[in-house]
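Novice: Pasting a structure below so you can have a look.
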Amino acid sequence: MSENQRVRVRFAPSPTGPLHIGGVRTALYNYLFAKQQGGDLILRIEDTDSQRFVPGAEDYIIDALNWLGIHFDEGVGVGGTHAPYRQSERKAIYRRYVDQLVSEGHAYLAFDTAEELAEKRASIANFQYDATTRMGLNNSLTLDASAVQEMLENGTPYVVRFLVEPEQTIVVNDLIRGAVSFNSSILDDKVLFKSADQLPTYHMANIVDDHLMAISHVIRGEEWLPSAPLHVMLYKALGWEDSMPAFAHLPLLLKPDGNGKLSKRDGDRLGFPVFPCDWIDPKTGEKSSGYRESGYYPEAVVNFLALLGWNPGNDQEILSMDELIELFSLDRCSKSGARFDYEKGKWFNHQYLQQRSGDSLTTDFNPILESKGVDTNRESLLPDFTGQIVSVSPAYVSLALEKVKMRATFVNDLWEQASFYFERPGSYQEKTVQKYWKPETAGMLQAYCQQLEAAPVFTPEPLEAMTNAWIADNGYKSGLLYNAVRLALVGEAKGPHLFDIAELLGKEETLYRIKRAIDVLH
Ligand code: GLU
């Protein structure tokens, strides 16, 4: 990359299926880098491999990144001066550069059939198409020009292969890994173009587009590092060495346990999503679950992924997108793989849920209440449990959720934590009854109801003061009363502070529930 060049990065997925969470991280790091540097992020769809094309994958990628707040300045779905951004629509562009490579002797035509190559593979150990084998194969280096011409006229299928000079040291300057050297002898003469579909392969299209789209930095997963020496050679062969982008190969995402790369199977085995959104395989109908539908907040997923392979240089863990943009740097990306700690992902969601106000949680929780048959249009703050259906106000929902949110990781957990605010206990948890409902409980609660009935205000502090004084005057153990009242209001031994519950339910409902527990449990 030359000085003063505008920062332009790209996310260049191949639409071969749902975007893996590792791909999401790559997109995110590109986004953070572009925004921080005041540059551009481009979405390029690398769909030259028609065999692996999966319908719906492109829309999925766009939808998922949009959900996460990763926005593009140019590209598929956005447009821009370098359009089209879908490689299948750029066929004509690549051909010219393929021809240039061939005419300048950097590439050649190879006519070997699949059967011939299979035969070589069977007879030569570790066969690859390279300097040691190419002169014994069917290509424009071994056939004479007239034979090549004839084959072309006959429409004999061929591929164009890059001619790799052996025994060269190819250095990839990586912003994360430093200078990484490769010996060119280990590389094969990669196919750059196939006459059969008139399409370039990934390598060719990728380099041509990075050049034409003036990409300054290639930030991508570590799995592409082995392709980087070929890419460097291609830039040189095409005469573009001076505008070669800088490379940054991000660390792998590792399995939560054991060795190796995080896979979909790890998610299935350990019960967590490896895709941003739900995906239904168009061929098999098999569904893979996503973070979005599992109840994650996009901010939590972004924060979690940002810290998988990068750190801000201090121990701050909760970082908004804006903070990430400000702090991100490729220098602090790690070289070694980042272990995918799924529990940490949940922790982030829990943290973000705590930041939500009761009002905002109410919006997300309303569909759940609706599914439980609760009406949420009541005007009065006091809930109504007496009608055919329970009726509450939005403000009541908000207050109830505020009280229980610290025990929830996902919005879906809120029902489990807050259900007693929206329905009377249907039964009383057996083990809690055995533990806390004593022979003297019913009598004590009868008397306590009279106290509650007479209470002039029904707010936590006066209620608690009154209750404690009454307990002391009557010689009850406070645990006996508190646990029994909680059991009556909630149905089990959980929930927020007792008088917070009572206040929100209101005097009438609180008394109703205590009396009902007396009736049922005696
Ligand atoms: N199309 C490649 C992919 O699917 C892009 C690799 C790159 O960024 O160069 O990830």
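The values are calculated or read from the model by the stated rules, or taken from the named source; none is laboratory data. These numbers come from a predicted model, not from an experiment. In this analysis, Cβ positions are derived from the backbone assuming ideal geometry, glycine residues included, and neighbour counts consider all displayed protein chains.
Novice: Just to be sure before I move on: is residue 195 of a type in the set (Gly, Ala, Ser), free of Cβ contacts under 8 Å to residues at least 60 places away in the same chain and closer than 21 Å to residue 51 by Cβ in the structure I sent?
Specialist: Yes: the conditions hold for residue 195.
Novice: Further question: If you go through the range 227-250, how many residues are more than 27 Å from residue 83 (Cβ to Cβ) and more than 12 Å from the ligand (Cβ to nearest atom)?
Specialist: Within the range 227-250, residues that are more than 27 Å from residue 83 (Cβ to Cβ) and more than 12 Å from the ligand (Cβ to nearest atom) number 4.
Novice: Name the one entry in 148, 172, 102 that is part of a strand (DSSP E or B), at negative phi and buried (at least 16 other Cβ atoms within 10 Å of the Cβ).
Specialist: When all the criteria are applied, what remains is 172.
Novice: Can you name the number of the only condition in (1) out of contact with any strand residue (DSSP E or B) (no Cβ under 8 Å at 6 or more places or on another chain); (2) within 9 Å of the ligand (Cβ to nearest atom) that residue 220 fails?
Specialist: So the condition that residue 220 fails would be (1).
Novice: So which residues in the range 151-169 are on the phi > 0 side of the Ramachandran plot and out of contact with any helix residue (DSSP H, G or I) (no Cβ under 8 Å at 6 or more places or on another chain)?
Specialist: Matches in the range 151-169: 155 only.
Novice: Here are the criteria: (1) within 12 Å of the ligand (Cβ to nearest atom); (2) of a type in the set (A, V, I, L, M); (3) in contact with a helix residue (DSSP H, G or I) (Cβ under 7 Å, 6 or more places away or on another chain). Tell me which single one residue 43 does not satisfy.
Specialist: It is condition (3) that residue 43 fails.
Novice: When you look at residue 52, is it at pLDDT 95 or above, within 14 Å of the ligand (Cβ to nearest atom) and of a type outside the set (Gly, Ala, Ser), yes or no?
Specialist: Here the answer is no, as residue 52 does not meet what is asked.
Novice: Checking residue 215 against (1) touching a residue at least 40 places away in the same chain (Cβ under 8 Å); (2) in a helix (DSSP H, G or I); (3) within 10 Å of the ligand (Cβ to nearest atom): exactly one of these is not met. Which one?
Specialist: Every condition holds for residue 215 apart from (2).
Novice: Could you tell me whether residue 262 is touching a Lys or Arg at 6+ places or on another chain (Cβ under 6 Å) and either under 27 Å from residue 331 (Cβ atoms) or within 15 Å of the ligand (Cβ to nearest atom) (or both)?
Specialist: yes
Novice: Using the structure shown, decide if residue 188 is under 25 Å from residue 105 (Cβ atoms), assigned to a loop (DSSP other than H, G, I, E, B) and more than 13 Å from the ligand (Cβ to nearest atom).
Specialist: Against the criterion (under 25 Å from residue 105 (Cβ atoms), assigned to a loop (DSSP other than H, G, I, E, B) and more than 13 Å from the ligand (Cβ to nearest atom)), residue 188 qualifies.
Novice: Also, I was wondering about something else. Just to be sure I understand, how many residues within the range 223-249 are under 23 Å from the mean Cα position of the chain (by Cα) and either within 21 Å of residue 96 (Cα to Cα) or free of Cβ contacts under 8 Å to residues at least 60 places away in the same chain (or both)?
Specialist: 3
Novice: Would you call residue 256 surrounded by 17 or more Cβ atoms within 10 Å (Cβ to Cβ) and either under 28 Å from residue 129 (Cα atoms) or within 16 Å of the ligand (Cβ to nearest atom) (or both)?
Specialist: Against the criterion (surrounded by 17 or more Cβ atoms within 10 Å (Cβ to Cβ) and either under 28 Å from residue 129 (Cα atoms) or within 16 Å of the ligand (Cβ to nearest atom) (or both)), residue 256 does not qualify.
Novice: Residue 296 passes all but one of (1) under 25 Å from residue 332 (Cα atoms); (2) of a type outside the set (D, E, K, R); (3) modelled with pLDDT of 95 or more; which number fails?
Specialist: For residue 296, the failing item is (1).
Novice: Could you please find all residues in the range 256-270 being within 15 Å of the chain's Cα centre (by Cα), in contact (Cβ under 8 Å) with a residue 40 or more places away in the chain and in a loop (DSSP other than H, G, I, E, B)?
Specialist: Hit for the range 256-270 is 262, nothing else.
Novice: Does residue 70 qualify as being of a type in the set (Val, Ile, Thr), at pLDDT 95 or above and part of a helix (DSSP H, G or I)?
Specialist: It is false that residue 70 is of a type in the set (Val, Ile, Thr), at pLDDT 95 or above and part of a helix (DSSP H, G or I).
Novice: Considering (1) part of a strand (DSSP E or B); (2) on the phi > 0 side of the Ramachandran plot, say which one residue 38 fails and leave the rest.
Specialist: Going through (1) part of a strand (DSSP E or B); (2) on the phi > 0 side of the Ramachandran plot one by one, residue 38 breaks only (1).
Novice: Kindly check whether there is at least one residue in the range 315-324 that is under 30 Å from residue 55 (Cβ atoms) and not in a loop (DSSP other than H, G, I, E, B).
Specialist: No: zero hits.
Novice: Return the pairs, sorted by first residue and then second, in which the second residue is among the β-branched types (Val, Ile, Thr), the first residue lies in the range 157-179 and is under 20 Å from residue 132 (Cα atoms), the beta carbons are less than 6 Å apart, and the residues are 6+ apart or on different chains.
Specialist: 159/191; 160/98; 161/191; 170/232
Novice: Of the residues that make up the range 148-160, is at least one more than 16 Å from the ligand (Cβ to nearest atom), at pLDDT 95 or above and farther than 22 Å from residue 100 by Cα?
Specialist: Scanning the range 148-160, I find at least one residue that is more than 16 Å from the ligand (Cβ to nearest atom), at pLDDT 95 or above and farther than 22 Å from residue 100 by Cα, so the answer is yes.
Novice: For residue 28, which of the numbered conditions (1) buried (at least 23 other Cβ atoms within 10 Å of the Cβ); (2) over 17 Å from the mean Cα position of the chain (by Cα); (3) more than 10 Å from the ligand (Cβ to nearest atom) fails to hold?
Specialist: (2)
Novice: What number of residues within the range 292-308 are in contact with a helix residue (DSSP H, G or I) (Cβ under 7 Å, 6 or more places away or on another chain) and farther than 16 Å from residue 70 by Cβ?
Specialist: Of the residues in the range 292-308, 0 are in contact with a helix residue (DSSP H, G or I) (Cβ under 7 Å, 6 or more places away or on another chain) and farther than 16 Å from residue 70 by Cβ.
Novice: Still on this structure, I have one more. Taking interchain pairs and intrachain pairs at least six residues apart, which have beta carbon atoms under 7 angstrom, with the first residue in the range 70-96 and at positive phi and the second of a type in the set (A, V, I, L, M) and at pLDDT below 95?
Specialist: Pairs that qualify, where the first residue is at positive phi and the partner is of a type in the set (A, V, I, L, M) and at pLDDT below 95: there are none.
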